[in-house]
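Coordinate-derived values only; no laboratory data. Please read all numbers here as calculations on a predicted model, not as lab measurements. Glycine also receives a Cβ, built like all others from the backbone with ideal geometry; neighbour counts cover every protein chain displayed.
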Amino acid sequence: MQTAPKTDNPESRRLMNLYRVAYEMDRQGLPEEFIVAAVETAQDYLGVYDLMMMWREESEEGERDEIVADIQDVIDACSEGEPHGEGVTIRLDDLDQIGQNIRAFKNELLRQVEDECGTLTELSERTGIPLPSLSRFFNSSSKPRLATMLKIKEAVEVDEVKVAWEDFKGRND
Amino acid sequence: MDIVITREALNSYLNLLHGHHISRSTYETFLRPDILLLHDYPDPVEFDRSRFWSPAKGRRGRIQNGFKMKWHNIGPGRVQLRLPVAVIDDTAYLSEAYVKDSRKKELRELARFDVHIERIRRGNYTEEGRL
């Protein structure tokens, strides 16, 4: 069988590598929306390219899941576009309560998701967000990103969307 | 040098607290005083100690503008804590701190850091405050 000549162009080589990883990700059942976004973002940010190559080189499933969650996090961060701050002063004294309020919000959101979808696997299918990313989202104390909340809101009936620091300040009674 | 707290840094602080890797006291007693040294970077002798401060190296080698501040056996979790810092145009941008518990984990975190630095260069980042 004739082997196709390899390109000498580094950019073309990188793109071919990305297509190979994309093909394998598709075979592994990762959402198409995620794979497309990963390939697009990796062409713009070499760190994402690195993560995709790490995924290809990794044989341990748990580590692969972490890499997928990392890629999704970065895709969401890169898609946020214009720089902004919320103009809200966050004091160190507020952070413990903010962290608790974020946890409480995510726990309630997870309950609503499970009421409607049953499982995170179903939510993953509805939103196109990989399952490892959803697991990380619900288990972390990070402030939710708008991109993630909008995808979840499109997929299930949720009571509220909270993405601003102001939403999480104050006591959660 | 100015010290910018990015969204990634703030979120990582919340996650480290939630995971009981560090406490408020750890931050106030150990982390914050060290981070404040960045105001006078590179003069303080601490920056000459590779156990405290070193260039960040990812999968493809040195990450431009990227450094790591390091603490060893710190906090209630006695963890290896790393704080990636981007130094760009006389400003230090604190990025996403992490517990280094394996080389694989570190390579993933540094790949994320690489992306974060590029976003900062492009002005696509969120400032949550300054120290």
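Computed values, structure above
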{"item": "Filtered chymotrypsin sites (Phe, Trp or Tyr not before Pro), segment B:54-105: DSSP coil and at most 10 other beta carbons within 10 Å", "result": "none"}
{"item": "Helix-only CD estimate at 222 nm, as mean residue ellipticity for chain A, using -39500 (n - 2.57) per DSSP H run (n ≥ 4)", "result": "-21500 deg cm²/dmol"}
{"item": "Three-way shape label, segment A:10-78, alpha-carbon gyration tensor, a/c 1.5", "result": "rounded"}
{"item": "Cα pair distances of chain A binned at 10 Å [whole percent]", "result": "9, 32, 31, 18, 7, 2, 0"}
{"item": "Peptide-level mean, for A:50-60, of C-beta atoms on other protein chains within 10 Å", "result": "3"}
{"item": "The protein assembly as shown: C-alpha gyration tensor shape, a/c 1.5 cut-off, then a/b vs b/c", "result": "oblate"}
{"item": "Cα-projected label distance for B:R78 with A:Q97, points at 7 Å along beta-carbon direction, nm", "result": "3.5 nm"}
{"item": "Average beta carbon contacts from partner chains per residue of A:90-97, 10 Å cutoff", "result": "3"}
{"item": "Cα gyration tensor shape of chain B, rounded if a/c is under 1.5, else prolate or oblate by comparing a/b with b/c", "result": "rounded"}
{"item": "Range in chain A, longest, excluding exposed trypsin sites (Lys or Arg not before Pro) [loop by DSSP; at most 16 other beta-carbon atoms within 10 Å]", "result": "A:7-90"}
{"item": "Segment B:1-66-segment A:133-148 distance, computed between alpha-carbon centres (Å)", "result": "23 Å"}
